[in-house]
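Asker: Structure in structure tokens, see below.
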Amino acid sequence: MWRNSATVSFSSKLLSYSSSSANPNYFHYASAFSIFSPNGVVDQTLSSSHQRFYCSSAVPSPSPSSGSVIKLGFLASKSDAFRPLCLKARDAVQLARHYGRCYWELSKARLSMLVVATSGTGYVLGSGNAVDLAGLCYTCAGTMMVAASANSLNQVFEINNDAKMKRTRLRPLPSGRIAIPHAVTWASSVGFAGTALLAWKANMLAAGLAASNLVLYAFVYTPLKQIHPVNTWVGAVVGAIPPLLGWAAASGQISLNGLILPAALYFWQIPHFMALAYLCRDDYAAGGYRMFSLADASGRRTAAVAFRNCLYLIPLGFIAYDWGVASGWFCVESSVITLAISAAAFSFYRDRTTQKARRMFYASLLYLPVFMSGLLFHRLSDNPQCLAENPNSIVELPSFPEAVTESEEDDQKKKVSHFLF
């Protein structure tokens, strides 16, 4: 292996001409010297006058042969030829990252994933003892696309309002990172694809609920935000439809038992958005939105509405138990977490400060996943599906240990009678 000193002395012999020479047969110094340097590292300490390597016959004897110089020059020219391809590939990657980031923000991906979680929970609850995994994936994918379309259209319609708010002025449309026609094309494409997927792989009822929810969110709730404070309650209806969509996709119908999770989402959204509207009331006023908290300077009515809707959540655990959707343990757990969020709302009602509003907001964020997880864990199934239709894609889910169906009781009675007689 050559030493650094030997390489530098060798290169100084090669560089016999100054940079002012008119010899046209040269190529860039870095291309040649990186070959002769150990580990391919160019020594940056060389003077600027030694930045070009000349192909001359007057070079002393230790220099490389003319054939090796020609090979080095060929390698340099070949790397220059491939350089445009590398630049194009790099530009393509940067462009893909740019638009991917824009689509992510237009879709409000984290909010859309929460919608998908509620829809998937509704699907599992409506599936009985067995869940079709393929159907669950198709339902979640279709819900994700429709939610992304609705959120994108929401930002298209509110581009001027978002530009006035600190919280939203850096979104893709107000910041100019993407054009409006491009955003509309994206929203229309994913909305149509999501609805078509639900109609194809689930059923027309689920596809109709998805399409109606998209229209309700983008064309009713969005403009209503600038007209009347009732927009909060309309938005709560929008948030309650996805779990009903999942239930309909699994069972093919809308039943009374399937309304428990939508009811929980409806009442949960009121304190959640009331806390958010109170925290961001100055920003909403700058954006031109007519939120409920803007007409309530003291915040007393805002806190009262939040607390009242928290109390509406209390009976849902008892209803789920009474209707046979979940076991008695869910009734207890639901009551505990509902009392916890109600305590946070009552604290905000007594002391209407930013700190109390933020605490209620965080309590609402914790409530929903705990409620849905408890409902899934303590669920009772009374409509098992036939596993013979598609045994590879259907997974049988055990019910809560307290759940004993009538068929199991009949089997036990038969065994006892056979033992006695």
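Asker: Can you tell me which condition F318 does not meet? The list is (1) among the aromatic types (F, W, Y); (2) open to solvent by 50 Å² or more (accessible area, probe 1.4 Å); (3) within 21 Å of H378 (Cα to Cα); (4) within 28 Å of the chain's Cα centre (by Cα), and all the others hold.
Answerer: (4)
Asker: While we're here: Answer with yes or no whether I254 is outside any helix (DSSP H, G or I), within 21 Å of V115 (Cα to Cα) and in contact (Cβ under 8 Å) with a residue 12 or more places away in the chain.
Answerer: Considered against the rule, which asks whether it is outside any helix (DSSP H, G or I), within 21 Å of V115 (Cα to Cα) and in contact (Cβ under 8 Å) with a residue 12 or more places away in the chain, I254 comes out as yes.
Asker: Additional query: Tally the residues that are open to solvent by 60 Å² or more (accessible area, probe 1.4 Å) and more than 21 Å from T302 (Cα to Cα), restricting the search to region 347-374.
Answerer: Residues that pass the stated criteria total 3.
Asker: Would you confirm, using the coordinates I've provided, whether V215 is assigned to a helix (DSSP H, G or I), over 18 Å from G122 (Cβ atoms) and without any contact (Cβ under 8 Å) to a residue 12 or more places away in the chain?
Answerer: Yes.
Asker: Among the residues of region 171-195, what is the count of those that are free of Cβ contacts under 8 Å to residues at least 40 places away in the same chain, part of a loop (DSSP other than H, G, I, E, B) and surrounded by 13 or more Cβ atoms within 10 Å (Cβ to Cβ)?
Answerer: Within region 171-195, residues that are free of Cβ contacts under 8 Å to residues at least 40 places away in the same chain, part of a loop (DSSP other than H, G, I, E, B) and surrounded by 13 or more Cβ atoms within 10 Å (Cβ to Cβ) number 2.
Asker: Looking at S373, is it under 28 Å from the mean Cα position of the chain (by Cα) and either more than 16 Å from G120 (Cβ to Cβ) or in contact (Cβ under 8 Å) with a residue 40 or more places away in the chain (or both)?
Answerer: Answer is no for this residue.
Asker: Looking for whichever is among the β-branched types (V, I, T) and under 24 Å from the mean Cα position of the chain (by Cα) here; the options are I270, I260. Which one fits? Steps first, answer last, please.
Answerer: Numbers: I260 fails: under 24 Å from the mean Cα position of the chain (by Cα).
That would be I270, the only listed residue that is among the β-branched types (V, I, T) and under 24 Å from the mean Cα position of the chain (by Cα).
Asker: Quick one: what pairs do we get from region 222-235, first residue closer than 14 Å to G287 by Cβ and open to solvent by 50 Å² or more (accessible area, probe 1.4 Å), second of a type in the set (G, A, S) and outside any helix (DSSP H, G or I), C-beta under 6 Å, 6+ apart or different chains?
Answerer: Short answer, once both residue conditions are applied: Q226/G288.
Asker: If you check F377 against the conditions, is it hydrophobic (A, V, I, L, M, F, W, C), open to solvent by less than 10 Å² (accessible area, probe 1.4 Å) and closer than 24 Å to N257 by Cα?
Answerer: no
Asker: Let me ask something else about it. What pairs come up if the first residue lies in region 159-170 and is surrounded by 19 or more Cβ atoms within 10 Å (Cβ to Cβ), the second is basic (K, R), and their beta carbons are under 7 Å apart, counting only those six or more places apart or on different chains?
Answerer: From residues that are surrounded by 19 or more Cβ atoms within 10 Å (Cβ to Cβ), the pairs are D162/R169; D162/R171.
Asker: Then there's this: Can you tell me which of A89, A130 is more than 21 Å from the chain's Cα centre (by Cα), at pLDDT below 95, farther than 29 Å from Q269 by Cβ and open to solvent by 40 Å² or more (accessible area, probe 1.4 Å)?
Answerer: Unique residue meeting the criteria: A89.
Asker: Run Y138 past the list (1) under 20 Å from the mean Cα position of the chain (by Cα); (2) surrounded by 23 or more Cβ atoms within 10 Å (Cβ to Cβ) and report the number of the one that doesn't hold.
Answerer: Unmet condition: (2).
Asker: Which residues, counting only those in region 321-343, are without any contact (Cβ under 8 Å) to a residue 24 or more places away in the chain and either surrounded by 18 or more Cβ atoms within 10 Å (Cβ to Cβ) or not in a helix (DSSP H, G or I) (or both)?
Answerer: Hits for region 321-343 are Y321, C331.
Asker: So A264 fits all but one of (1) at pLDDT below 95; (2) within 23 Å of L245 (Cα to Cα); what number is the exception?
Answerer: (1)
Asker: Same structure again: Where residues in region 97-113 are assigned to a helix (DSSP H, G or I) and hydroxyl-bearing (S, T, Y), which of them is least open to solvent (accessible area, probe 1.4 Å)?
Answerer: Among them, the one singled out is S112.
Here's the yes/no breakdown for (1) open to solvent by less than 20 Å² (accessible area, probe 1.4 Å); (2) over 18 Å from R352 (Cβ atoms):
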site: N257; (1), (2): no, yes
site: I270; (1), (2): yes, no
site: L276; (1), (2): no, no
site: G288; (1), (2): no, yes
site: F292; (1), (2): no, no
site: D296; (1), (2): yes, no
site: A304; (1), (2): no, no
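The values are calculated or read from the model by the stated rules, or taken from the named source; none is laboratory data. The shown structure was predicted, so the numbers you read here are calculated from the model rather than taken from an experiment. Counting neighbours? That spans all protein chains shown, and the Cβs are built from the backbone with ideal geometry, glycine included. The protein model used for the area step is the full one, side chains on, heavy atoms only, and it has no ligands, DNA or RNA in it. Shrake-Rupley method; radii C 1.70, N 1.55, O 1.52, S 1.80 Å.
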